[in-house]
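Below is one structure; the comments refer to it alone.
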Amino acid sequence: MMQVLYFAWLREKIGVAVENIAPPPEVDNVAALVDWLRARGPGYAAAFADEKLVRCAVDQEFATPDAAIAGATEIAFFPPVTGG
Amino acid sequence: MMLRVVIQEADFDAGAELARLNLPGVGGVGSFIGVVRDSGGLKALQLEHYPGMTERAVTKIAEQAAARWPLLGGTVIHRVGHLAPGENIVFVGAASAHREAALQATAFLIDWLKTSAPFWKREDFCSGESAWVLARDADEAAAKLWV
């Protein structure tokens, strides 16, 4: 069981800010999780349609698509940052 | 060294923040203030962040600046929530014995803040439309100059 957070337009497309998920063990990295989430519905498919526009953090550290998610408690997806 | 990282909805008092950086041994204080640009038709910016991770990421950037320049103080205050044109968005300040470190660290902090801290801006227009601001390649290039 892990918590997934969505920010900015990913949250708007998916329709929730936070949810608990329990992906199967073969979903073991960020890229596999994106594929698994994409299959959850049209909002997810729209949010993850262009992977180049999506960034990820695993337990509040920036993570690349090949980053392992085993044991992670908090995973976040968001667009490239635009602060400052 | 004094490190101050604040994420808040409220405005900041730039004068008070500069005074706070006038620490013993300081010979120069560099600062930058980002303001909501009044580009035609903009009603407000909505600034979103990732509570917890944003504070960690900004602190990490400030620590990198402190490792790179002999700073005596560093301050980053970033506002979130609803911000109207003309309002302050961000305050960055760096204090050192000499101006070069203070000015360079200030530029480093704002360049890295733009590309490496989880904040997102949405523009709400007077027309009723709204759009998330896209990341700029120019910001990425500016940050990479420091690598």
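What total accessible area, in Å², is buried where chains B and A meet, using a 1.4 Å probe and rounding to the nearest 100?
1900 Å²
Determine the shielding of peptide B:107-120 by partner chains: average, over its residues, the number of Cβ atoms on other chains within 10 angstrom of each Cβ.
Details: counts 0, 0, 1, 2, 1, 1, 3, 4, 5, 4, 3, 12, 7, 11.
Mean partner-chain Cβ count within 10 Å for B:107-120: 4.
Using a Förster distance of 25 angstrom, determine the FRET efficiency expected from the C-beta separation of B:Glu87 and A:Thr73, and round it to 0.05.
Numbers: r = 36 Å, r/R0 = 1.44.
My answer for the efficiency is 0.10.
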- [ ] Note down the magnitude of the dipole of the stretch A:1-65 about its Cα centre, charges +1 on Lys and Arg C-beta and -1 on Asp and Glu C-beta and zero elsewhere, to the nearest 20 debye.
- [x] 260 debye
Open item on the list: Give me the one-decimal nm value for the distance between modelled label points at B:Glu129 and B:Arg68, 7 Å along each residue's Cα-to-Cβ direction.
Closed with: 3.8 nm
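Please give the FRET efficiency for B:Ile33 paired with A:Asp59, using the beta carbon to beta carbon distance and R0 = 30 Å, rounded to the nearest 0.05. Walk me through the numbers on the way to the answer.
On the way: r = 33 Å, r/R0 = 1.09.
Step by step, r from the Cβ atoms, then E = 0.35.
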Task: Degrees separating the helix B:53-68 axis from the principal Cα axis of chain B, which is the longest one - done: 30 degrees
Task: Across A:Lys52/B:Lys114; B:Lys121/B:Lys144; A:Lys13/B:Lys121; B:Lys60/B:Lys114; A:Lys13/B:Lys144; B:Lys43/B:Lys114, pairs whose alpha-carbon gap is larger than 20 Å - done: B:Lys121/B:Lys144; A:Lys13/B:Lys144; B:Lys43/B:Lys114
Task: Global size of the stretch A:19-84 as Cα Rg and Dmax, reported in angstrom - done: 11.7, 39
- [ ] May I ask you to list the residues of the stretch B:90-112 whose amide nitrogen lies under 15 Å from a point 7 Å from Cα along the Cα→beta-carbon direction of B:Lys60?
- [x] B:112
- [ ] May I ask you to order B:132-145, B:109-122 by the average number of other C-beta atoms within 10 Å around their residues, highest value first?
- [x] B:109-122, B:132-145
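Which whole-number percent is the relative contact order of chain B (Cα, under 8 Å, 6+ apart)?
33 percent
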Open item on the list: How shielded is B:47-56 by partner chains, expressed as the average number of their Cβ atoms within 10 Å of its Cβ atoms?
Closed with: 4
Task: Separation of alpha-carbon centers, the stretch B:33-57 and the stretch B:127-141, rounded to whole Å - done: 11 Å
Open item on the list: How large is the accessible surface of B:Val90 in square angstrom, using a 1.4 angstrom probe and rounding to the nearest 10?
Closed with: 0 Å²
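Which FRET efficiency, nearest 0.05, do B:Ala16 and B:Gln46 yield, Cβ-Cβ r, R0 25 Å?
Working: r = 26 Å, r/R0 = 1.05.
After rounding, the FRET efficiency stands at 0.45.
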Open item on the list: Just to be sure I understand the curve: with the Debye formula and one point per C-alpha of the stretch B:1-89, what is log10 I(q)/I(0) at q = 0.15 Å⁻¹?
Closed with: -0.65
TODO: Calculate how steeply helix B:99-116 sits against the longest principal axis of the alpha-carbon atoms of chain B, using the helix alpha-carbon long axis, and give the answer as 0 to 90 degrees to the nearest 10.
DONE: 40 degrees
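How much accessible area per residue does the protein assembly as shown have, in Å², with a 1.4 Å probe?
Averaged over the residues of the protein assembly as shown, the accessible area is 48 Å².
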Task: Ratio Rg/Rh, restricted to the protein assembly as shown and using Cα atoms, in which Rh is the Kirkwood radius - done: 1.01
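For B:139-145, what's the mean count of beta carbons from other chains sitting within 10 Å of each residue's beta carbon?
On the way: counts 5, 1, 0, 0, 0, 0, 0.
Per residue, the number of nearby Cβ atoms from other chains is 1 on average.
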TODO: Could you order B:Glu55, A:Glu51 so the one with the most accessible surface comes first? Probe is 1.4 Å.
DONE: A:Glu51, B:Glu55
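The values are calculated or read from the model by the stated rules, or taken from the named source; none is laboratory data. Everything numeric in this text was worked out from a predicted model, so none of it was measured. Neighbour counts are summed over all protein chains in view; Cβ atoms, including those assigned to glycine, are modelled from backbone coordinates with ideal geometry. Ligands, DNA and RNA are excluded from the accessible area calculation, which covers all protein heavy atoms including side chains. Shrake-Rupley method; radii C 1.70, N 1.55, O 1.52, S 1.80 Å.
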